[in-house]
Amino acid sequence: MREITYAEAIREALSEEMRSDDSIVFIGEDIGIYGGAFGVSKGMLAEFGPERVRDTPISETAIVGCGVGAAMAGLRPVVEIMFSDFLAVAMDQVVNQAAKARFQFGGQFTVPLVIRAPSGSGTGAAEQHSQSLEAWFVHTPGIKVVTPSTPADAKGLLKTAIRDANPVLFLEQKLLYRVKGEVPEGDYSIPFGQAAVRREGKDVAVVSYGRMVGRCLEAAALVAAEGIETEVIDLRTLAPLDRDSIVRAAKKCGRVLVVHEACQTGGVGGEIVATIVDSEAFFYLDAPVRRCCGQDTPIPYNRNLEDSVVPQTAGIAEALRGLCGRKS
Amino acid sequence: MTITREKLGELYLKMAQTRRFEETAARLFTEGKVHGTAHFCIGEEATGVGVCSALAKEDLIAQTHRGHNQAIGKGMSLDLMMAEFLGKEAGYCHGRGGCMHIADSSSGSLGANGIVGGGIPIAVGAAFALRYRKVDAVTVCFFGDGATNEGAFHEALNLASVWKLPILFVCVNNYYAMSTHIGSHMNIEDISIRAKAYGIRGEAMDGNDVAAIYEATLEAKEYVKREGPMLLVLNTYRIMGHSKSDPQNYRSKEEVEGWKKRDPILLFRKQLAEAHGFSPAELDALDEAASADVARAVEFAEASPEPRVEDALRDVYAV
Ligand SMILES: Cc1ncc(C[n+]2csc(CCOP(=O)(O)OP(=O)(O)O)c2C)c(N)n1
Ligand SMILES: [Mg+2]
């Protein structure tokens, strides 16, 4: 199968959807001639024109709010927030408006809005351009949260997001934009709430999502050489959360490590652990459920510091060994 | 008003230092010595240098992401700026912030902001605190043309106006917000008319004339202390790309070349020679001094240690 990048896969999904549904409009800062801060929308202005690919002033509240209103009035807007950190500027529109409009008006409105935003650290862009904020939104009923880890998933999940009748926060992984992978041509979609098993194993299960999935796979390969067989679960969407897959993996392996880049305290990992201990999987556990997550700190500028506060492959491998009672 | 010869030399030197600092920073990028990004103000040196050179130490500034000129204008150390740029412990923010977040509490910088418009309400709060504490000082808040489209700008100007705070809002209008020309991000040509909506004074002027900016700031300082907020718009141009990764496919080479002829450093050099009797040798000496200062800053930064990983969680909270 042909390989394309994560960024290209996103562009392909959005472009294919825009070709087949002219109620989709695409709104954001510097998405036109510039092609977006990460080049995702390169060429889209030329294909779809300025009526559908709309550059905006630097006005995040207006961008998201405009998406909410346009969705309530019959369009299917896709809005881009240049860095997910800037969602904080538009927080009212995301949390109090988009996520509430259906419920508070008794189901009269749908808000088929997609908010695309790049997430994560690793670029040396420091505190205000590196956060992983998914937990804020997972904690907000009414909005779905998607965290694709591969180009193929990015395409299939974005299609589902665009076709969904609800607001969807589509958190793209900055460091994956240039990563290539096999992506089917043409139309397909991936349902929300279905985790993927990226590697099978029986000794220990790792539950992760987003760019950390790749590191979990690397760590699994490292410890495989030492005889530890790791099952790697990629959640793909955090809201809805595939609790069945988490419970199944915990029962199968008896040992679970949860990995995410976002800081640990108050993170999605806590919900994953709770899902396990709150289910019959509890009785299958051979060890405490562990977390390997970002430290509870803003992301620093200096590269060594930046690397030191988010999970690295070696640290994940070490945590796997620890869970399995091995010393390195 | 006449500016002293010494002050004229200082304005020139600071602009030359800013230029050299950024040219050197750009080179360090290409040498792979920097992890991150930077926003250069080449072509806009006169704005931050002119304004900040008119300020006293107690006056506060809120900087932008494109603020090396603001920092140098306020008297910040090239050594500590360069060390911050290279992420070193000796840097202003101990390598935690990088050049998008340079701050120096001791020289009155409340910090540069990575969130467009994020610093504007903060500056209003600082201006309020100074007045409340009966400190005879002003606050100067920098932001770009693009930032005036954020809600934070409008809320902050209105609040400053109703509280009649001693704050000077300085809009560095370089006609672009990333790739977006001002003509498509606002429907007015003169940003200073936004002041009208908040009942405050608004003025626009050439942002490449450092001496005129310096003088205008001296006057504005007195005005804001007496009458409350003012919006000063400095019209200039960003010669470099928006950040280090910018295809610059949104503007023409001719446009950039046209503005290069209005390079604020060249203009000032000419002015100093023709109207103030600076000799070519004197001006060259200032250029050389700027280069030597920056070279020393690089040496200092490269020789200083990396932050220690054990200290990664320091300063998440004050103790
Ligand atoms: C809230 C927010 N939105 C978007 C950005 C991305 N961004 C950084 S600088 C910039 C352009 C800012 O334009 P302007 O205010 O005119 O300042 P200039 O860069 O031209 O100096 C943009 C869009 C950001 N950092 N913060
Ligand atoms: Mg600008």
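In summary, helices (runs of 4 or more DSSP H) completely within the range A:244-328 and bearing 2 or more residues that are within 14 Å of another protein chain (Cβ to nearest Cβ) and within 30 Å of B:THR37 (Cα to Cα) occur at A:303-309, A:313-323.
Considered as a group, the residues in the range B:162-174 that are crowded, with 19+ Cβ neighbours inside 10 Å and of a type outside the set (A, V, I, L, M, F, W, C) include one that is farthest from ligand 1 (Cβ to nearest atom), and that residue is B:PRO166. Summed over the range A:42-78, the residues that are small (Gly, Ala, Ser), at negative phi, within 12 Å of another protein chain (Cβ to nearest Cβ) and out of contact with any Asp or Glu (no Cβ under 7 Å at 6 or more places or on another chain) give a count of 3. Filter the range B:82-105 down to the residues that are surrounded by fewer than 24 Cβ atoms within 10 Å (Cβ to Cβ) and under 17 Å from the mean Cα position of the chain (by Cα), then identify the one that is farthest from B:GLU222 (Cα to Cα). Here the answer is B:HIS101.
Of all residues in the range B:282-319, exactly one satisfies the criterion of being among the polar types (S, T, N, Q) and within 26 Å of A:ASN304 (Cβ to Cβ), namely B:SER304. Applying the criterion of at least 1 residues that are surrounded by fewer than 20 Cβ atoms within 10 Å (Cβ to Cβ) to the strands (runs of 3 or more DSSP E) found wholly in the range A:43-138 leaves A:53-55. Can you find even one residue in the range B:306-319 that is part of a loop (DSSP other than H, G, I, E, B), at pLDDT below 95 and surrounded by fewer than 15 Cβ atoms within 10 Å (Cβ to Cβ)? Checked against the condition, which is being part of a loop (DSSP other than H, G, I, E, B), at pLDDT below 95 and surrounded by fewer than 15 Cβ atoms within 10 Å (Cβ to Cβ), the range B:306-319 yields at least one hit.
Quick one: is A:ILE10 closer than 24 Å to A:PRO151 by Cβ, outside any loop (DSSP other than H, G, I, E, B), in contact with a Lys or Arg (Cβ under 9 Å, 6 or more places away or on another chain) and of a type in the set (Val, Ile, Thr)? Yes. Criterion applied to B:ARG226, B:ARG238, B:ARG194 was being more than 14 Å from every other protein chain (Cβ to nearest Cβ) and either within 16 Å of ligand 2 (Cβ to nearest atom) or assigned to a strand (DSSP E or B) (or both), and the one residue passing it is B:ARG238.
Checking B:SER279, B:SER252, B:SER184, B:SER243 one by one, the residue that is within 15 Å of ligand 2 (Cβ to nearest atom), surrounded by fewer than 20 Cβ atoms within 10 Å (Cβ to Cβ) and free of Cβ contacts under 8 Å to residues at least 40 places away in the same chain is B:SER184 and no other. Under the condition of being within 16 Å of ligand 2 (Cβ to nearest atom) and either among the polar types (S, T, N, Q) or assigned to a strand (DSSP E or B) (or both), the residues counted in the range B:123-169 number 7.
The rows are residues; the columns are (1) touching a strand residue (DSSP E or B) at 6+ places or on another chain (Cβ under 8 Å); (2) within 11 Å of chain A (Cβ to nearest Cβ); (3) away from ligand 1 (no atom under 16 Å from the Cβ).
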| position | (1), (2), (3) |
| --- | --- |
| B:SER106 | no, no, yes |
| B:LEU110 | yes, no, yes |
| B:GLY118 | no, yes, no |
| B:CYS141 | yes, no, no |
| B:GLY146 | yes, yes, no |
| B:GLU150 | no, yes, no |
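Within the set B:LEU60, B:LEU28, B:LEU11, the sole residue that is within 14 Å of chain A (Cβ to nearest Cβ), of a type outside the set (Lys, Arg) and more than 16 Å from ligand 2 (Cβ to nearest atom) turns out to be B:LEU28.
Just one of (1) outside any loop (DSSP other than H, G, I, E, B); (2) more than 14 Å from every other protein chain (Cβ to nearest Cβ); (3) away from ligand 2 (no atom under 16 Å from the Cβ) fails for B:GLY48. It is (3).
With the condition kept exactly as written, say whether any residue in the range B:298-305 is farther than 30 Å from A:THR297 by Cβ, among the hydrophobic types (A, V, I, L, M, F, W, C) and touching a residue at least 40 places away in the same chain (Cβ under 8 Å). No, every residue in the range B:298-305 fails to be farther than 30 Å from A:THR297 by Cβ, among the hydrophobic types (A, V, I, L, M, F, W, C) and touching a residue at least 40 places away in the same chain (Cβ under 8 Å). Every condition in (1) outside any helix (DSSP H, G or I); (2) over 27 Å from B:ALA211 (Cα atoms) holds for B:PHE278 except the one numbered (2). A single entry from B:ILE102, B:ILE115, B:ILE120 fulfils the requirement of being within 16 Å of ligand 2 (Cβ to nearest atom), in contact with a helix residue (DSSP H, G or I) (Cβ under 6 Å, 6 or more places away or on another chain) and touching a residue at least 24 places away in the same chain (Cβ under 8 Å): B:ILE120.
The values are calculated or read from the model by the stated rules, or taken from the named source; none is laboratory data. Please read these numbers as outputs of a predicted model, since none were measured by experiment. Virtual Cβ from ideal backbone geometry, glycine too; neighbours counted across all protein chains shown.
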